[in-house]
Amino acid sequence: MIKCLICNKDKKVEFLEEYIVEIKEDKNYFEGAKIYRCDDCDFSFVNPMPSEKKLNDFYKNVYRSENRPPYWITEDYDDRKKNYLNDRNLSYLLYITTLIDIKKVENVFDFGGGDGDLAYALKKNFQQLNLFCLESDSHCKKILKDRGYTNFDNLSDVNKKFDLIVTTHSLEHLADINSIFSKFNEILNPNGYIYFEVPNCPQEYWDGRPYDGPHLLFYTKKSMQKIADLHELKFINFSFSSYSFTNDHKYQHEAQNLYEENKENQLLFKLKNLLKKIIPKKLIYLRREYMEAKKNKDDVKMGWFVNNTGENCYIRGILQKK
């Protein structure tokens with residue numbers, strides 16, 4: 001019997017879908033994975049889960065390697081340092097500072113935050129903040145250090161108390177969820193906050209999705225409420241965010257196609273990177289700004305700032321310790 005990872009029941013857990021990896025080369029990490037759903041929690045999850053050894057290797061060395069979606073890490077370190085100003089991060093910033101009085105926050109813990117864009121953006125506006133994180137990815141260590149983060153190697157090593165925990169697009173990559181929220185509760189100060197955003201996975205997500213990997217857990221509003229109730233957290237706000245499921249699937253397909261094109265044309269890809277080193281950065285930035293402005297003529301950008309349309313592909317919320 002397969003038990004739900006939230007409620008630990010097995011009677012309402014049924015097979016849902018075959019697991020689809022994003023990149024063919026990742027099959028070794030998610031071998032034999034299938035997706036099951038608990039009807040009681042409206043929560044879906046992978047079974048069997050990849051081994052801890054495989055997951056650690058994947059997220060430490062593979063996930064953000066060069067020329068992989070969704071991050072498309074490049075050798076241009078200056079580009080990465082500016083990513084905290086992108087539309088997605090600014091939408092997080094607006095949401096959090098609208099609902100939480102950050103002037104009363106001292107310690108912030110960014111769980112699985114990659115380059116730490118969100119808490120770094122908060123620090124830019126609220127200098128009293130102390131930044132801590134848990135990020136094992138070897139590609140992120142330098143930028144986190146440069147931004148003033150104290151990075152813990154393991155969640156069990158975290159021995160501080162925090163006023164705010166932020167976790168964006170990390171909870172879906174875990175092999176377990178209850179142990180994480182138990183730890184969050186342990187390290188959160190009384191009346192402390194948790195801000196999260198994860199993919200929204202009702203039926204509209206499953207219809208026409210191009211892939212699942214490397215996600216392992218699939219949430220809905222009901223399943224997040226179940227987690228909150230189980231760990232004695234209350235919702236300050238819950239919102240459906242970002243663009244539509246149709247657009248989300250479209251952008252996922254485009255990212256896959258771009259990856260395959262770059263892989264097939266390695267010589268051209270290397271030439272582009274070489275030209276970036278030769279061409280003056282001012283010209284590169286001007287072109288990038290032009291391309292960004294051109295892209296923003298359509299409605300893509302708007303999706304990051306209009307919530308609760310009824311078909312948003314992400315869910316976000318702020319939880320408070322009771």
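On the given criteria, is residue 25 more than 13 Å from residue 215 (Cα to Cα), modelled with pLDDT under 95 and exposed (fewer than 15 other Cβ atoms within 10 Å of the Cβ)?
yes
Name the residues in segment 206-237 that are among the aromatic types (Phe, Trp, Tyr) and surrounded by fewer than 20 Cβ atoms within 10 Å (Cβ to Cβ), would you?
Matches in segment 206-237: 206, 211, 235.
Given the condition surrounded by 14 or more Cβ atoms within 10 Å (Cβ to Cβ), under 22 Å from residue 135 (Cα atoms), touching a strand residue (DSSP E or B) at 6+ places or on another chain (Cβ under 6 Å) and aliphatic (A, V, I, L, M), answer yes or no: does some residue in segment 31-51 qualify?
no
Within segment 17-51, how many residues are of a type in the set (D, E, K, R), closer than 16 Å to residue 1 by Cα and in a strand (DSSP E or B)?
Summing the residues that are of a type in the set (D, E, K, R), closer than 16 Å to residue 1 by Cα and in a strand (DSSP E or B) in segment 17-51 gives 2.
Name the single residue, out of those in segment 64-109 being β-branched (Val, Ile, Thr) and loosely packed, with under 15 Cβ neighbours inside 10 Å, that is farthest from residue 301 (Cα to Cα). Talk me through it step by step, then tell me what you get.
Of segment 64-109, the ones β-branched (Val, Ile, Thr) are 73-74, 96-98, 100, 102, 105, 108.
Filter once more, so that each one left must be loosely packed, with under 15 Cβ neighbours inside 10 Å: 74, 98.
Working: 74: 23, 98: 20 Å.
So the residue we want is 74.
Every residue, every condition in (1) more than 20 Å from residue 50 (Cβ to Cβ); (2) of a type in the set (Ser, Thr, Tyr), yes or no:
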residue: 150; (1), (2): yes, yes
residue: 154; (1), (2): no, no
residue: 164; (1), (2): yes, no
residue: 180; (1), (2): no, no
residue: 197; (1), (2): yes, no
residue: 206; (1), (2): yes, no
residue: 233; (1), (2): yes, no
residue: 238; (1), (2): yes, no
residue: 247; (1), (2): yes, no
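Given the options 262, 237, name the one that is within 19 Å of residue 65 (Cβ to Cβ), of a type outside the set (Val, Ile, Thr), in contact (Cβ under 8 Å) with a residue 60 or more places away in the chain and in contact with a helix residue (DSSP H, G or I) (Cβ under 6 Å, 6 or more places away or on another chain).
So the residue among 262, 237 that is within 19 Å of residue 65 (Cβ to Cβ), of a type outside the set (Val, Ile, Thr), in contact (Cβ under 8 Å) with a residue 60 or more places away in the chain and in contact with a helix residue (DSSP H, G or I) (Cβ under 6 Å, 6 or more places away or on another chain) is 262.
Using the structure shown, decide if residue 212 is without any contact (Cβ under 8 Å) to a residue 40 or more places away in the chain and not basic (Lys, Arg). Write out each step before concluding.
Working: without any contact (Cβ under 8 Å) to a residue 40 or more places away in the chain: no; not basic (Lys, Arg): yes.
Judged against the criteria, residue 212 is not a match.
Could you check how many residues of segment 181-198 are without any contact (Cβ under 8 Å) to a residue 40 or more places away in the chain and not basic (Lys, Arg)? Step through it out loud before you land on a result.
Let us first name the residues in segment 181-198 that are without any contact (Cβ under 8 Å) to a residue 40 or more places away in the chain, namely 183, 186.
Retained after the next criterion (residues that are not basic (Lys, Arg)): 186.
Within segment 181-198, residues that are without any contact (Cβ under 8 Å) to a residue 40 or more places away in the chain and not basic (Lys, Arg) number 1.
Could you check residue 179 against (1) more than 15 Å from the chain's Cα centre (by Cα); (2) outside any loop (DSSP other than H, G, I, E, B); (3) over 26 Å from residue 56 (Cα atoms) and say which number it fails?
(3)
Would you check if there is a residue in segment 148-161 being closer than 26 Å to residue 67 by Cβ and either modelled with pLDDT of 95 or more or over 18 Å from the mean Cα position of the chain (by Cα) (or both)? Before you say what the answer is, go through the steps one by one.
Looking only at segment 148-161, we keep the residues that are closer than 26 Å to residue 67 by Cβ, and these are 149, 151.
In the following step, the residues that additionally are either modelled with pLDDT of 95 or more or over 18 Å from the mean Cα position of the chain (by Cα) (or both) were identified as 149, 151.
So far as segment 148-161 goes, yes, one or more of its residues are closer than 26 Å to residue 67 by Cβ and either modelled with pLDDT of 95 or more or over 18 Å from the mean Cα position of the chain (by Cα) (or both).
For residue 246, which of the numbered conditions (1) under 28 Å from residue 47 (Cα atoms); (2) modelled with pLDDT under 95; (3) crowded, with 17+ Cβ neighbours inside 10 Å fails to hold?
Condition not satisfied by residue 246: (3).
Which members of segment 123-141 meet the condition of being free of Cβ contacts under 8 Å to residues at least 40 places away in the same chain and either buried (at least 19 other Cβ atoms within 10 Å of the Cβ) or within 27 Å of residue 78 (Cβ to Cβ) (or both)?
Within segment 123-141, 123, 125, 126, 127, 129, 130, 131, 132, 133, 134, 135, 141 qualify.
So which of 301, 281, 295, 321 is in contact with a helix residue (DSSP H, G or I) (Cβ under 8 Å, 6 or more places away or on another chain) and at pLDDT below 55?
295
Considering each residue of segment 75-125, count those that are within 19 Å of the chain's Cα centre (by Cα) and not in a helix (DSSP H, G or I), and give that number.
Going through segment 75-125 one residue at a time, the tally reaches 11.
Is it true that some residue in segment 114-122 is surrounded by fewer than 21 Cβ atoms within 10 Å (Cβ to Cβ) and without any contact (Cβ under 8 Å) to a residue 60 or more places away in the chain?
yes
The values are calculated or read from the model by the stated rules, or taken from the named source; none is laboratory data. Because the structure is a prediction, the values reported are computed rather than measured. Every residue, glycine as well, gets a Cβ built from its backbone with ideal geometry; the counts of neighbours run over all protein chains shown.
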